[in-house]
Structures are given as C-alpha cells and as structure tokens.
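Below you'll find the structure, written out as structure tokens, and then a few comments.
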Amino acid sequence: MTDADRHPPPPGGGLPPQPANDDTGQNEDCALVVAIGNYRELTPLRGPGPDAIRFCTWLREKGGLKIENIKLVDGNEPGRPVNSEIVDALVKLRIRMNKRRGRRLYFYYAGHGLGPTFNDVAIVPADAAQGMLVATCYGLNQCIDYFVKTGFFDELVVFMDCCREREEVTTIPLPFKFERPFENARGQVNHFTLLAAGDGAKSFEVRDLTPAQERKFRGIMTMALIDGLNGAAGAIDSNNNVTSTSLARYVATRVEEEARINQLDQVIDKPKPPQQEIVFFTIPPAQVPRIELRLIIGPQTAGQEIRVQNLSTLAMDTREGQPEGSVITVTIEGNARYQLILPGRQPVVIDPAIIASEPNDVPLP
Amino acid sequence: MFRFPEGPQPTSVEVPQLGERARLILEVPHWTAAVAIVDNDLRPVEGVSKLEPLVGGGEAASATVEVPAGAYNVEAKLGGHIQTMWVVAQAGYETRVPAAAWDGLELATSMPLASAIDGTPPDDPMVGEVRRLSRVTRPALLTDPGTSNDARLFLFGRLAGPSKRQGPPAWDIRLVDEKGDEAARLADHEPATDDSFWSCAFDLPKGYYVLRAREESESESFYRCQPLYLCGGWESHVFLECDRCPRLATMSFNMGRMGMGFRPDDDATVAAASLLAALADDDAGRSVSGASRMEELLRGELHNPWLGVLAAYAMSSSRPNAESDDLLAGLKRFLMREMGDHPDVRALTLSEPNAFVPLDYPPMIRAGLHRIKAYNAAASPGRDPVVTDSALAKVGDRLIADSAWTAWIEREPADGKRPAGDPESVPVKAPIDLLAEQLPSSAAVYPLGSASGAAASARPKSFAAQVAIIEAAESVLNCEGETPETVEVTLAGPLETMLNFDRETVAQIAGTGLEMVEEQFHRVADRLDQLEIPDPANAQAVQSVLAAIFDAKRCASIASIESGLDHDASAAWWFSTPVEDHVHRLRQEAHRMRLLRNDKSSLTPRESDEAGALAERLDGLAETLEGCAQLVIIADEEGHLLYGNKLLHERLQSRDDPEDVLERLHRALGGQSVQRLRVEAKELSPTSPEGKRGAMIDINRTVVHDEQGEVEGYIYLLRAADRKSLSPQESTRLDTLLPVITLHAATAQHGDADAANSLAALRDAADELDRMLSY
C-alpha cells in the first residue's frame, strides 16, 4: 500500500478533552505500550515498533500524557521483549502500591496474537516457541479483569493490533492477585477495547513498500487508529469529539476499506461500547476536515435532481439536474454521515471514513 | 474509496401509516441465518422480529423492525460468514433489503444438502448417492458377532484434487475405541462407485471412539483426533471434505433413528448444519431464537437429537430469557431421555439436579469442554466431576480451535495402542533454567561451571535446601546498609522448607491463584523423594511454586516496608529494577543507535554521526552502571562455587575464558576468611574492564548457617571499589529515566517525524544519567 498517508488528519493541533495530567497527580493518565516484533522462532514483524512509536507520539502530543507516564516495552534483539518486561513496566507504573493511580490507562499492543477463545486474545511474547505456547501468553481478558476489579485507573482503554487466529492455548494472568479494590478506587471502571481482528481472524501489516518506505511499516489497524485519534474525517462525532464510539466506527470502516484495497481479509472485532463514552480528543470547529466528492453524472441520473443530506444536522444540499458526464462537486464535513438521494432510488449512505483519497470521483448510474 | 453501490440494492415504498417511523424488512438467503441491526451510534436495535420463511422464496426468510428514520448498519450471519451493509430508513417508508443483496452469504457445509436458496436442488451427484448408500449399504460387522452392535456409523468423504488420484487407500484414517485399539481402518474400505466421493459404514457397539486422521500441509504432518460418541439405536452420519487427505475440521455430523439413513432434504438436517457453523462463533443463540422455523423444529417431535444438542449449546451461550429457558429445559429433558449417556448431553446437563456424573469422555463439541471447565471452577474443592485418567481428563494441552469441534493434535506416529486422547508430553527443561526465567533478575540461580568445584561438593543438598540458600542471597543483596556477617536458613528438611510456607500468603502476595499454589504444593509433596538435583523431570512440578515462594518473600519485604511509609515517592525505590537490567536496557539502546546510524536512508549525515556518538555514549554509561551492580556468588560449606547471579552469568558468557575466571574466583573466595576483603580486579580477571583499568574489587562475605549453627554455605557480593553505590533515590530515578531513554531512542528509530529532536532529547537524558553516575 502506498497511499497510507492519504487520509490526512486535520491541520494544526486539537485539544485533549480535559487535562490528562493535572498538578496534583489526581488525574494522571498513563500508558503501557508493548511492541513485539523480534520473535525468536515465530515470524518476525516489522510493524510493531513503528506503530508503537506512532501511538506514543499521539499520547504525548495529543493525548496529553507526561513522557515518564508512558512505558514502552520493545526490543531490538531476537527474543525480546518477554513477559517479565511487561510486568516490570506495570511495576514501574506502581501497580504494586495497591492504590488508584489516575484517570486513564492506555494499553496498546502490537505483535503476534492468538485467539484462545472467541472473546479473548493471547499476547505472544518474543521468546515464544512454536508448539510450546501453553501457559506462555498473557490472556487479555484476565488482564482486563484485574484492572477492572482493582480500579487501578478509572478508565481502561485497550488497543490490540494483532491476529486472533484460533489456537486453544492456555493463557496466563498477570502475576498479581486481586484481593480488594485499590485504595481510592472510584467505583466501576469504564473500559473500552478495540481489537484489530475478529474471532479467529488475522490482522495485517501494509505490503509492497519500497525500501525508502521501510520506516513507514505499519499495521492496518494502527494506521486507522492513529488517523482516527488525530481526528480524521469520519472519526469525529457531531460534537467534534473523537470518542470511543466514533473511533471504533471509524477504525472498523477504515480497516475494512484498506484491507479491501489491499486484497486482504481483515475485519476488526465488533467493539463493545464502554459504560460511559470516552472522549479522546476534541477538534476545534474550524479544523473539522472537509472532503470534496466529485459526483459524475451517468446516463440514468442525467437531468435529475441530486440531493445530499447531512444525517446529523439534516441539512440538505440540492443540485439541479445536469447532463451526462458533467461533474457536481459536493463538500461533506468529516463529523457527519450523509445520504445521497437520487430520484426513484433507495438513498445511499456516505461515510466519510471510507473516503480515503481526494479528489474522490463517484460515477453515478 | 466511496463507490456508488452496484448489484441488487434495498428498495423503498411509501407507507403513509408509518408517519415519522420507518420500517426495515431484511431478507436473508436462508432461514437458518441470524440478523442484527445497530443504529448510527452502534447501539443495538431491539424489536427485530423472528425470521419467517418467504412465501415462494425457497430457503430465504425475512425479519421486520420499525425504527426511527436514520442510517442503520445491518448484519447477516450464515454458516460462519458475516456480512454488513448500511441502510437508510426514511420516515414513512418501508425499506426492503433483498436476499440477493447479500453476495456470497451461503450455508457452507460438507453435508450434501438437497436444498438451495431458490428451492432447486443443486446438481450434486453425492446427494442421491449418499441417500442411496445410507439406505442400501449393509454395514460391516467389525466386532465379535456375539457383541451387541447397537450403533451404526456412516462416513462420507467428498474427494477433490489429489484425493481423486491417490484415493482413500493412501490415507491414514482410523477409528479407535476408548482403549486406543483400532475399531476400523477406514481407508481400507472399498471405495464407492463414483470417484468424487468415498463412503463406508459399520455396525459397532455403542460408546466412545476417536476418529484419527493423518493430515498434511506444505510444512508438516500430524494426526488430528476427533472424539465420536455412537448412541445405541441411532445412526451417526459423518461427512468430510478430502483433498490430499481427509480434513476433520470440515466434519459435519448428523444422527437419525436406526435404518432411516441420511435425509439431505430434511429441515432438521439443514438446521443442524447451520447451527454447527454458528457454534464456532460467540452468539450462536441468535440462530435459534431469531428464526421461527428453527424454533418450530425444536418444539415439535424431534427425530434428530443431534439438532437438539447443537441448539442446546447455542441457547446456553446466550443471555437467558423466559421463552428460551422453557425451550432449553424441554430440550434437555428430551436429550437426557434419548441419549443420556452421550458426553455432550452430560456436559449440557451438568448443573441439572439429575446430572450424569462423573464424566469420563470428552464432548464432541468444544463448547461442552468449556462448560465442564466452568463447572469445575465453580464447584467446591474435591467435587471434580471428571474421572481421573479418563479420556476426558487427558484432553487439554493439544486442543485446536479451528471449528466448533473438540479436536486435538498428536504429532508422533500412531502405535495403535496409545490411549485415545492422550496428549503429547511436553519436554521439560532443567529446573534452574526455568527458575531463571521466573525469578527476579537479581536472584543467583545460574549454576557455575565445573572449575568452580561444584561437582565435588561434599554434602549434596536437596533442591529445596539450595533454594533456601538462594533465597538467603536475595535477602542479603536487598538488605539496607551493611552486608550482614551471617544469615540463618531453615534446612530442617525439604518437606518443612518447601511446604511450611503459608499457601495463602504465597498466593496473595505473589499474585498467583490459591488453587494453583495449592496444586503446586501438592505436586511438590507427591514428588518430594525425588527432589534432588539434577532431576529435570521435577522441573514442571516445582518451578511454579518455587517462583511463587521467591516472589512472595520479595513482595513481603516490599509490603512490610510500604506499610510504614507515608508517601509513594520514598517507597518507590523498593520496586526498582536490578541494576543489571538497566545495564541491559542501555546496551539495547546503544545497539538501536548503531542500527540507526547505519540507516543512511532516513538520517542526515549529521544525525547519523549523532546516533553513532550516542551509541558509544550509552555503551559507556552501561559499563559505568554495570560497575555499580553487584556480582552475587553462592558457595557451599567447602567453598565450591554453586551459583551466580545473572550479571555474573552474562559476564562469564561473554568471555573466552570463563573457566579460568571461575578458577580464579574459586581460589580467591575459597581462601577468604574475613567478612570484607579488597582485591585487585586483575587477580580475578585480568581481561575484565575492571582488571584492565586496574580497579580494586570489594568482596563482602556472608556465612550461611542452619538452625544448629552449622555452616551450610557462603554468599559473596562483589563490586568495583571505584564505582558508586547508588542511593535509593537514585535507583528510583533510574527507573524513570531508563524508560524515557528507551522512548526517545525508539522514537528516533521508528518515528515519522525528524529524528533530530528525538536524538537531542536522548542526549539530554544521557547527560542526566552521566551526572548521576559520576562518583
């Protein structure tokens, strides 16, 4: 894929919805970012390192996290990182203190994954050996369970860019046992998980890069995730927020579209909405991306009125009939879904998330 | 890329009575499909009707729902395939999604079904042939005629590709009984008349069997095993796809009364095929509760108990409601009456008052295994319903989850006598290796070589006794202030040492489940007589609990310190990483900088030089920091060196002459009679960095003795005298600083932006580390 950057985020910066890290430390957001590509025996991956850094960059520049609150676990040599390095990073986040640490914990993982059950992910460490995966991989559900029960953070946001091919391995929990909620924990933990692949499915890295693009190696899901978090068209709701819902919808649509373009079969797992909407980022109204659609009039639509309606505001853009071959340019906002209404036909939904290049020519019937 | 949709699309007609509401009619190609709708905000839409067969529509069906006007994402699922599409619901309009809009959504099964979407039977010669064969064939008797052969098994394989040329005789596919004895070598059976399929039939005693087939791929071959349970008075039909070999993952299964044969046009057969595919997913319940025909079949006179089994699994997996609870209860009663001995029925009815326990055979459907596991987890200790050493107990490690079936892989050749379901044993490593992976990096668990004289130790110690000394070394290393002169360990006996730890404390503090700890303690106790080193066979049994004990001890220290502290910052140094791990991290980052320096395509010459300089600098800092770390050596009571810590292990491994270094260490330490000693580094290792720069080494010795005061060994801590000993605050800062160094270095390597900023930030962090390590 050579057009990875064709879906530009809005110009300039946006605003995190609220201070991620206040002076008292009460609102501290933290992140555990795990990138495993240097597998000793399994197929090495080139995407996790660059992808993890892109996510770290977003955390620092847009997510509002202090650099010391971002724990990156990666490795440059075969067989690293291993499970103990993940645990070590959690210990450095002071998980052993049995106290609420802050508002939100981001957990990002890029690497090999397996699907031990329909709704779980096994995180495969770099020293894993083929055929000896039993009791080797951390199970995502068990990890989430621990964080939810303890209330280490008020919110848990999980992004997993890995495969979930079926293999009934026995996963292991984090080596911390739940005894009671952590001191100062604030009730029910709001958690949100986005998985790159559905049950039993694969996730992919982009292909066919030229040598000069090697540093741009990336997973399809992370590419969509970072664009979405940065406020790409289609990832913003009508209040100009990148929320858990809008992000999930954008990533799902974008991954499917990119996979289709690359002739891959990747569909992200259907995300379950969090108990409370999570706002990741807010775009100033002036910076909401806009996209131009070039509707090319066909023989059946020649001379017919064409209407494009914003499904959020219900604002209607009506165009007079045009001769066959002429072009009507319609601008749509990146924070709404639209319907294209042609006389005598069922309206068609236009989702900005799948409009990945400009000019976007749409031949009409 | 947005494209105007092509092919069959939804159509709308105005229905004024709807007012501001809209109606969606969702047609799907088959009545066994499942549909779901979410709104513009991904909220599930409630009130979708059950799928009703379309009049004159063959197998197609439709569901209806009224919704507010808006955009909706519609999902249809059939035979394991899922498709979604956006549909606009207009106020006052009825919008119909035609079945043809779902391109490629079809019921995929290895069963030769006589149904099709448009009602016309497909042109499949196997349909008629299977019908004929299953009614005409006189099954072979494979057992003593005196044995009661009250069950019947048909196998049908559809041949494709190489299988047509090589044929079944080339395959290794067998039916083995519960003892592992061959009940039927299926591939030897006479092939059918048509070369597009293969079939065989047998009359057998009812009971548990395993279908075992050798499967090949481009890179490997293995035996795949699939449990089968044949019920008395019933026929069982197995269908497979075969290419170069039979593919058990494609298996379809069906049951019917004895003598009925396979009925490819029976709705219950079709429903069973669809449910089997749905069971590989998480919400199979929708396939039952959302289809009226399915419910009709299940509420009527059920002549296909296998459909009942699958439906019961599907309904058990979904959220209970009064309607489905009633249906499920009725199904369970039917199944218990008709085939109560079947392992799937037993798994399904485990929680019922009249459940058939104990369990001895694995269920054919994997969801049954999950039910048993969940039941076990909830049951009180000692009420495990699984028979020890049964076929069910032996299934576990080798499960493969590529279908709804319970299936496992065996990699070694079959010997024909192997117990069915016995998984391949897992090779074990030496205990120390495992401990090294599990324990804190600072633990001295690396055995030292022969030159250290370990083999000549006069009084061999049990594994547990040696662990106690290793543990003592950990406490000495982590103690605050002066190194103690002596330390007492409890060596009253392996049993006491190993098993007197409080399990709950170990479990709670180490973060390991109590049940797991109990189990590990139990296993250790069972093997206590064989716990002498070296016995790698014990590794699996002891390593978990030993690691937990270590962790517990370490964490107990942390907990006790923590409880007396007022704020986090001063406590944090107790969580600090061993210095040698920081050293390793710094070397990794230096390596990363070297890789970056050589990546001419992404850096300017100046950045490349900067990366090279940082590589040298980080290596230098690593060496300085390494000098701050302590080497730990454990010797026995006669001074023979037994164990070293990771730092020593790594430094020895990097040397050409580790035996020589060990010999020098053995001589120097063995002759030490005082608690503290300062020696020239070159006496210990002339070519080490310390030796080369003429540094002195401080050696601190702690005597290990037992409760009676008898010397059991020595613990030595070695550190360069010209290197700084880090304060707790500095250790804490290191824990923060090293991750920041990693982040900057990784950003320089992988980041999309200019590397210059990251390199500058990395340089600043290196400056800070430099200042900290300056003596």
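Values quoted throughout were computed directly from the atomic coordinates according to the rules given, and no laboratory measurement underlies them. Everything numeric in this text was worked out from a predicted model, so none of it was measured. With ideal geometry, Cβ positions are generated from the backbone for all residues, glycine too; neighbour counts draw on all protein chains shown.
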Based on the alpha-carbon gyration tensor of segment A:231-349 and its eigenvalue square roots a ≥ b ≥ c, which shape applies: rounded if a/c is under 1.5, prolate if not and a/b is larger than b/c, or oblate?
prolate
What full-extension length gain, to one decimal in nm, is calculated for B:Val711 and B:Val674 as 0.36 nm per residue of separation minus the Cα-Cα distance?
11.8 nm
Per 0.36 nm of contour for each residue apart, how much would the distance between B:Glu616 and B:Arg299 grow if the chain were fully extended, relative to their Cα-Cα spacing?
106.4 nm
Could you give the length gained on full extension between B:Asp326 and B:Asp39, defined as 0.36 nm per residue of separation minus the Cα-Cα distance, in nm?
100.2 nm
Over the whole of B:5-13, what's the average partner chain Cβ count within 10 Å per residue? Rounded to a whole number, please.
2
Using each residue's phi in segment B:693-710, evaluate 6.51 cos²θ - 1.76 cosθ + 1.60 at θ = phi - 60° and report the 3J(HN,Hα) Karplus result to the nearest Hz, with x for Gly and Pro.
8, x, 6, 9, 10, 8, 10, 10, 10, 10, 8, 9, 10, 8, 5, 8, x, 6
Please report B:Ile409, A:Ile297 as a ranked list, fewest other C-beta atoms within 10 angstrom at the top and most at the bottom.
B:Ile409, A:Ile297
Starting from the amide H of A:Phe281, placed 1.01 Å from N in the peptide plane, find each other amide H under 5 Å away whose residue is 5 or more places distant or on another chain.
A:Val242
Can you tell me the relative contact order of segment B:574-703? Whole percent, Cα pairs under 8 Å, sequence separation 6 or more.
16 percent
With a Förster radius of 45 Å, plug the Cβ-Cβ distance of A:Arg180 and B:Arg333 into 1/(1 + (r/R0)^6) and report the FRET value to the nearest 0.05.
0.55
Rank these for me by crowding, B:Asp341, B:Asp581, going from fewest to most other beta carbons within 10 Å.
B:Asp341, B:Asp581
Can you sort B:Leu392, B:Leu595 so the residue with the fewest Cβ neighbours within 10 Å comes first?
B:Leu595, B:Leu392
If you take every DSSP beta bridge whose two residues both sit in chain A, what share of them, in percent to the nearest 5, is antiparallel?
45 percent
Sorted peptide list for B:271-277, A:161-167, criterion being average Cβ within 10 angstrom, highest first:
B:271-277, A:161-167
Between B:Phe197 and residues 5 or more places away or on another chain, which pairs have amide H atoms under 5 Å apart, with H built 1.01 Å from N, and which residues are they?
B:Leu159
Within chain A, how many Lys pairs sit with Cα atoms under 15 Å apart, leaving out pairs fewer than 8 places apart on the same chain?
6
Treat each spin label as a single point 7 Å out from the Cα along the C-beta direction, and report the A:Ala302 to B:Lys600 distance in nm.
5.9 nm
